[in-house]
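Below: one structure, written as structure tokens.
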Amino acid sequence: MSNIDLSVKIGSLILKNPLMLASGTVGYGNEISNFTDLSKIGAIVTKSVSLKPRKGNPPQRIVETPSGMLNAIGLANVGLEEFIKTKIPFLKEVDSTLICNIAASSIEEYVECTKTLDGEETVKAFEINVSCPNVKEGGLIFGNDIISVGKITEKVRAVTNKPVIIKLSPNVSAISDFAKVVKDEGGDAVSAINTLIGTSFDIYKRTPKIKNITGGLSGPAIKPVALAKVLEISRKVDIPIIGIGGIMNWKDAVEFMIVGATAFQIGTVNFINPNAGIEIIDGLKSYCEQMNISKISELTASYQL
Amino acid sequence: MFTSKVPVESVEKIQENIFILKAFSPQIASAIKPGQFCNLKVSETDFPLLRRPFSISDVDGDYISFMFNKHGEGTRILSEKRNGDVIDILAPLGNGFTYEDDYDTAVMIGGGLGAAPFPFLTRRLKNKKIVTLIGGRNEKDVTDWGLKNVFYSTDDGSIGFKGNVVELLISKFNDFKDSEIKIFSCGPTPMLKALQKFTVDNNIKCEISTECSMACGFGICQGCPIDSAEKDKYYLVCKDGPVFDAEAIVL
Ligand SMILES: Cc1cc2nc3c(=O)[nH]c(=O)nc-3n(C[C@H](O)[C@H](O)[C@H](O)COP(=O)(O)OP(=O)(O)OC[C@H]3O[C@@H](n4cnc5c(N)ncnc54)[C@H](O)[C@@H]3O)c2cc1C
Ligand SMILES: Cc1cc2nc3c(=O)[nH]c(=O)nc-3n(C[C@H](O)[C@H](O)[C@H](O)COP(=O)(O)O)c2cc1C
Ligand code: FES
């Protein structure tokens, strides 16, 4: 039927289409595979993994907000060893592209995780999470500090030849400065954005609804912010951008590509419609047909200002 | 687990603030077990954003029912559904009750809308005696819809025993002296906590159906932890529960 080229290139990484499942919103792939055909997905980004298992934050971890949700999961994950032993085997059988997201509380830990996973053939690229708002150490302490972000990029870059993507925090004044540092230190791409810090209170008890007090805001509520961040990076820095934030349907995805994204990730929508990825890919194809676009990569940064 | 678009048959108001939504779904009806739950997309738009979890309340032939009270926006929208409206439902979710093991009497204990999963359990139980204890603040809070052999407790004594449902259980405890019982329970956390202590102290089989705010309902968001009796470990309410053995969790 259609011979539209949906493939995109992020550094040396080629994806069959620009749709990626965002870290922390698909676990390790097995549950969501009940609802969707993962082999049609461009890439799967696994839940942030750390060197040692993390129990995560106490409940309540999530609350719904207008057109969004706050989460403070606290990077609950099985740890590197268990991840390699029990999670990678499932993902190996899935004909998608596997990107491992790494979180850490020290630069050494980022390096060690990357080194260990570099030997796993199934892992095609790394997404380095320097922007988790919900943990005390690491996370935003790195994400807010341009020198740390530069160092992490440099050190991780030194131990792998696979593409290195740095996932940036929106909780900074000039995100493009961070993207520039990533580029200068040899990073292949940036993901933007991680969640925005927010909170929500019970007005009768006067207590926060989330035990952690603050959480990360995701979902449609953050889309305009995310689009502006992607556009800012696109206008100032020449580096591939993976757009993230509030994508619910194919129109949102097209909008991200137009403002500068080479590829994009869907997060919160997976909780509501676990087959959203496939529906968005189908929508992109129809849009390209309708608009006479033969290569989807033409859309990237095609804005008219 | 699957998603399916399900037509609403009816929404019936059985009490001042208690509704029964009945829908036609042979697929869910044949797959779901008592104590499991469904995650309902209450509108076709992105508002409200998240699905809403509800216990399966009853299955009758190809029809499934949910019991709920109007709480916020999501349940308000559900209460206004009409015959022919379509709801997107993710089901069957979680682990239900284990009710076919060896005991004589099933004692179902519900606090308020905690009664929701019991009509289906009542329907499925074979060769067991049933006693149902339902507690609430007052008579408007409680219902015997789909239940058998019901005793009430209310805080204000407007119907049944005056006091809470755990006190009611203790007051009736002599009646069960000669038979082995298993308790199935669901309701607000303070009630479950009191019940958990009583059953563990007295070595009575007890399963507890828990609630927690959820995003996905099927194990991918890590949003629904509950403390386990094991040190340094959470269970996920949606995947490891919502029904747990009383000794397995810390409430
Ligand atoms: C496994 C499970 C089974 C349930 N079964 C039933 C049932 O059979 N009947 C029934 O009436 N209710 C049941 N609940 C509670 C039901 O999910 C909430 O009443 C409902 O989500 C309220 O939505 P709302 O938009 O009307 O309220 P709002 O307060 O406006 O909801 C705001 C947000 O908080 C969440 N929320 C609010 N109350 C609860 C709660 N008690 N538990 C979990 N999330 C909540 C909502 O899902 C939503 O994301 C169950 C909950 C769980 C987890
Ligand atoms: C419940 C939840 C857990 C998340 N966990 C992670 C994580 O472990 N690592 C990470 O880099 N991002 C994590 N994120 C952020 C998402 O990957 C994404 O950047 C963000 O949700 C914005 O996209 P969305 O609006 O499409 O959800 C998480 C988001 C949510 C909602
Ligand atoms: S609600 Fe998402 S993991 Fe339980």
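B:Pro119 falls short of the stated requirement of being more than 18 Å from B:Lys162 (Cβ to Cβ) and assigned to a strand (DSSP E or B). Applying the set (1) more than 14 Å from chain A (Cβ to nearest Cβ); (2) among the β-branched types (Val, Ile, Thr); (3) more than 25 Å from B:Ala115 (Cβ to Cβ) to B:Thr199 leaves exactly one unmet item: (3). All of B:Ser153, B:Ser185, B:Ser158 fail the test of being touching a helix residue (DSSP H, G or I) at 6+ places or on another chain (Cβ under 7 Å), within 22 Å of B:Asp102 (Cβ to Cβ) and of a type in the set (Ser, Thr, Tyr), apart from B:Ser185.
Filter region B:67-81 for residues that are more than 6 Å from ligand 1 (Cβ to nearest atom) and either over 30 Å from B:Lys148 (Cβ atoms) or buried (at least 22 other Cβ atoms within 10 Å of the Cβ) (or both) and give the result.
Step one: filter region B:67-81 for residues more than 6 Å from ligand 1 (Cβ to nearest atom), giving B:70, B:76-81.
Once the filter is applied, which keeps residues that are more than 6 Å from ligand 1 (Cβ to nearest atom) and either over 30 Å from B:Lys148 (Cβ atoms) or buried (at least 22 other Cβ atoms within 10 Å of the Cβ) (or both), region B:67-81 yields B:Arg76, B:Ile77, B:Leu78, B:Glu80.
Residues in region A:254-267 that are open to solvent by less than 10 Å² (accessible area, probe 1.4 Å) and under 25 Å from B:Leu40 (Cα atoms) were compared, and the one that is nearest to the other protein chains (Cβ to nearest Cβ) is A:Ile266. All but one of (1) open to solvent by 20 Å² or more (accessible area, probe 1.4 Å); (2) within 8 Å of chain A (Cβ to nearest Cβ); (3) at positive phi hold for B:Gly219; state the number of the condition that does not hold. Evaluating B:Gly219 over (1) open to solvent by 20 Å² or more (accessible area, probe 1.4 Å); (2) within 8 Å of chain A (Cβ to nearest Cβ); (3) at positive phi leaves (1) as the failure. Remark: A:Val78 matches the filter, which requires a residue to be touching a residue at least 12 places away in the same chain (Cβ under 8 Å), within 14 Å of chain B (Cβ to nearest Cβ), of a type in the set (Val, Ile, Thr) and open to solvent by 30 Å² or more (accessible area, probe 1.4 Å).
Of all residues in region A:24-48, those that are facing chain B (nearest Cβ under 10 Å), more than 14 Å from ligand 2 (Cβ to nearest atom) and among the charged types (D, E, K, R) total 0.
Among the residues that make up region B:92-100, is at least one of them away from ligand 2 (no atom under 16 Å from the Cβ), part of a helix (DSSP H, G or I) and open to solvent by 50 Å² or more (accessible area, probe 1.4 Å)? There is no residue in region B:92-100 that is away from ligand 2 (no atom under 16 Å from the Cβ), part of a helix (DSSP H, G or I) and open to solvent by 50 Å² or more (accessible area, probe 1.4 Å).
Listed by position, the strands (runs of 3 or more DSSP E) enclosed by region B:186-251 that each have at least 1 residues that are more than 19 Å from the chain's Cα centre (by Cα) are B:225-227, B:234-236.
Scanning region B:222-251 for residues that are open to solvent by 40 Å² or more (accessible area, probe 1.4 Å) and away from ligand 2 (no atom under 15 Å from the Cβ) yields B:Asp227, B:Ala229, B:Glu230, B:Lys231, B:Asp232, B:Lys233, B:Tyr235, B:Asp240, B:Asp245, B:Glu247, B:Val250, B:Leu251. Here A:Leu51 meets each of (1) more than 19 Å from A:Phe264 (Cβ to Cβ); (2) facing another protein chain (nearest Cβ under 8 Å); (3) part of a loop (DSSP other than H, G, I, E, B) with one exception, condition (2).
Which of the residues that make up region B:234-251 are more than 7 Å from every other protein chain (Cβ to nearest Cβ), out of contact with any Phe, Trp or Tyr (no Cβ under 8 Å at 6 or more places or on another chain) and away from ligand 1 (no atom under 14 Å from the Cβ)? Talk me through it step by step, then tell me what you get.
Taking region B:234-251 as the starting set, the residues that turn out to be more than 7 Å from every other protein chain (Cβ to nearest Cβ) are B:235-251.
From the residues that got through so far, the ones that are out of contact with any Phe, Trp or Tyr (no Cβ under 8 Å at 6 or more places or on another chain) too are B:236-237, B:240, B:245-247, B:250-251.
Matches in region B:234-251: B:Asp245, B:Ala246, B:Glu247, B:Val250, B:Leu251.
For region B:24-49, a residue qualifies if it is within 12 Å of another protein chain (Cβ to nearest Cβ) and open to solvent by 10 Å² or more (accessible area, probe 1.4 Å), and the qualifying residues are B:Lys41, B:Ser43, B:Glu44, B:Thr45, B:Asp46, B:Phe47.
Within region B:194-216, the set of residues being in contact with an Asp or Glu (Cβ under 9 Å, 6 or more places away or on another chain), within 13 Å of ligand 1 (Cβ to nearest atom) and either open to solvent by 40 Å² or more (accessible area, probe 1.4 Å) or not hydrophobic (A, V, I, L, M, F, W, C) (or both) comprises B:Ser213 only.
Quick one: which residue in B:Val131, B:Val86, B:Val142 is of a type outside the set (Phe, Trp, Tyr), farther than 17 Å from B:Ile64 by Cβ and modelled with pLDDT of 95 or more? Please lay out each step first, then the result.
Values: B:Val86 fails: farther than 17 Å from B:Ile64 by Cβ; B:Val142 fails: modelled with pLDDT of 95 or more.
B:Val131 is the lone residue from the list that is of a type outside the set (Phe, Trp, Tyr), farther than 17 Å from B:Ile64 by Cβ and modelled with pLDDT of 95 or more.
The set of residues in region A:18-35 that are more than 15 Å from the chain's Cα centre (by Cα) and open to solvent by 10 Å² or more (accessible area, probe 1.4 Å) comprises A:Asn30, A:Glu31, A:Ser33, A:Asn34, A:Phe35.
B:Ser43 satisfies every condition listed in (1) away from ligand 3 (no atom under 16 Å from the Cβ); (2) out of contact with any helix residue (DSSP H, G or I) (no Cβ under 8 Å at 6 or more places or on another chain) except (2).
The values are calculated or read from the model by the stated rules, or taken from the named source; none is laboratory data. Keep in mind it's a predicted model, so treat the numbers as computed, not measured. Please note: Cβ atoms are built from the backbone with ideal geometry, for glycine as well, and neighbour counts cover all protein chains shown. Please note that ligands, DNA and RNA were not included when accessible areas were found on the heavy atoms of the full protein model with its side chains. Shrake-Rupley method; radii C 1.70, N 1.55, O 1.52, S 1.80 Å.
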